[in-house]
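> Structure provided below as structure tokens; questions to follow.
The values are calculated or read from the model by the stated rules, or taken from the named source; none is laboratory data. These numbers come from a predicted model, not from an experiment. Because the Cβ atoms are built from the backbone with ideal geometry, glycine has one as well, and the counts that use them run over all protein chains shown. SASA here: full protein model, heavy atoms, side chains in, ligands and nucleic acids out. Shrake-Rupley method; radii C 1.70, N 1.55, O 1.52, S 1.80 Å.
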Amino acid sequence: MARIVARNYIVGPELTDALDGCRRQAAEGRSTTVCYWNTVEESPEKVAEAYLRALDTLGKEKWDGYLSIKAPAIGFDRRWFTRVLESSGRNGIRLHFDALGPDAADETFAMIAEALPQHPDIGCTLPGRWRRSVADADWAVQQKLRVRVVKGQWPDPAKPEMDMREGFLSVIDRLAGRARYVAVASHDPWLSQEALKRLQTTKTPCGMELLYGLPIKSALEVARTAGVSVRIYIPYGYGWAPYTLSQIRQHPGIFWWVLRDLLR
């Protein structure tokens, strides 16, 4: 069931599918982010090679976007990471680090810190449901990183009950008036509207970033009202659902998401 519903959240299995998706979004006046979503069985070498192919191919396109990567997927291997950084610079494509589990955060930020002296235009993702994200926001500001704020799929093991909206806005408040750029990555209309208001009140450069496959009509209206740009995050490869099936008992509303996605 998880494999079936996850297909709704990727544009297709191949890089060519991602390129087609980017072109469709460009025709609608929206920029894009591309990311290869790997399976857990894939080796770090195979994932890194997918990133390198994407950089080389996208570098030849007239493309308004950047590549998101997952540091754990390449095993935090500095040799592969160096090759990805070199390709990023050669092709003129910015890199952004996605957030995975809390256990991967320290090593991910260590890789970013190592890369910054030669590659200053790097971005990171901060999940609102992690307690550490407020402190990470301070570090991101100091390093002049571009930041994407998300609710977060993986809970903080030290505080799994943390309210995601409250945590999201705490991170926004820490970045407001200080960050280089903040992408509000939420399909929650109230939350995205409130986050943009706080950022714009403090004159913080900001925009919205939305996940391919999720409903976007309400989010687009929020962006239009706020007068900010919209970027669509386009995954290709192998999908995963933006919810955890094991949480259905605690959050029955997820059942309706599953049913909708199965019908799709």
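> Is the range 131-148 home to any residue that is surrounded by 15 or more Cβ atoms within 10 Å (Cβ to Cβ) and among the hydroxyl-bearing types (Ser, Thr, Tyr)?
yes
> Go through the range 87-127 and count every residue that is surrounded by 21 or more Cβ atoms within 10 Å (Cβ to Cβ), of a type in the set (Gly, Ala, Ser) and farther than 14 Å from ALA140 by Cα.
Here the count works out to 1.
> Scan THR225, THR244, THR204 and give me the residue that is more than 20 Å from ARG24 (Cβ to Cβ), open to solvent by 30 Å² or more (accessible area, probe 1.4 Å), modelled with pLDDT of 95 or more and among the β-branched types (Val, Ile, Thr).
THR225
> Answer yes or no as to whether SER133 is in contact with a Leu (Cβ under 9 Å, 6 or more places away or on another chain) and under 20 Å from PRO235 (Cβ atoms). Quick ask: steps written out before the conclusion?
Working: in contact with a Leu (Cβ under 9 Å, 6 or more places away or on another chain): yes; under 20 Å from PRO235 (Cβ atoms): no.
Against the criterion (in contact with a Leu (Cβ under 9 Å, 6 or more places away or on another chain) and under 20 Å from PRO235 (Cβ atoms)), SER133 does not qualify.
> Another question about this same structure. State which residue is most open to solvent (accessible area, probe 1.4 Å) when the search covers only the range 168-191 and only residues that are within 15 Å of the chain's Cα centre (by Cα), over 20 Å from GLN142 (Cβ atoms) and not aliphatic (A, V, I, L, M). So that I can check it myself, show each step before the final result.
Going through the range 168-191, the residues within 15 Å of the chain's Cα centre (by Cα) turn out to be 168, 181-187.
When the remaining residues are screened for being over 20 Å from GLN142 (Cβ atoms), the result is 168, 184-187.
Now drop any that are not not aliphatic (A, V, I, L, M), which leaves 168, 186-187.
Working: PHE168: 0, SER186: 7, HIS187: 48 Å².
Once the filter is applied, the top-ranked residue is HIS187.
> Is it true that some residue in the range 84-99 is of a type in the set (Gly, Ala, Ser), at positive phi and touching a residue at least 60 places away in the same chain (Cβ under 8 Å)?
So the first thing to find is which residues in the range 84-99 are of a type in the set (Gly, Ala, Ser), and the list is 87-89, 92, 99.
This time we only want the ones that are at positive phi, so: 92.
Keeping just the survivors that are touching a residue at least 60 places away in the same chain (Cβ under 8 Å) gives none.
No, because not a single residue in the range 84-99 is of a type in the set (Gly, Ala, Ser), at positive phi and touching a residue at least 60 places away in the same chain (Cβ under 8 Å).
> Let me ask something additional. Name the residue that is modelled with the lowest pLDDT, counting only residues in the range 1-51 that are more than 21 Å from ARG94 (Cβ to Cβ), part of a loop (DSSP other than H, G, I, E, B) and of a type outside the set (Val, Ile, Thr).
MET1
> Restricting the search to the range 53-65, which residues are part of a helix (DSSP H, G or I) and either open to solvent by 20 Å² or more (accessible area, probe 1.4 Å) or farther than 24 Å from ILE122 by Cβ (or both)?
ARG53, ASP56, THR57
> Tell me, which residue of the range 26-52 that is within 18 Å of TYR233 (Cα to Cα) and over 17 Å from the mean Cα position of the chain (by Cα) is most open to solvent (accessible area, probe 1.4 Å)?
So the first thing to find is which residues in the range 26-52 are within 18 Å of TYR233 (Cα to Cα), and the list is 26-38, 50-51.
Those still in the list that are over 17 Å from the mean Cα position of the chain (by Cα) too: 26-29, 50.
Working: ALA26: 65, ALA27: 87, GLU28: 122, GLY29: 69, ALA50: 4 Å².
In this case the residue turns out to be GLU28.
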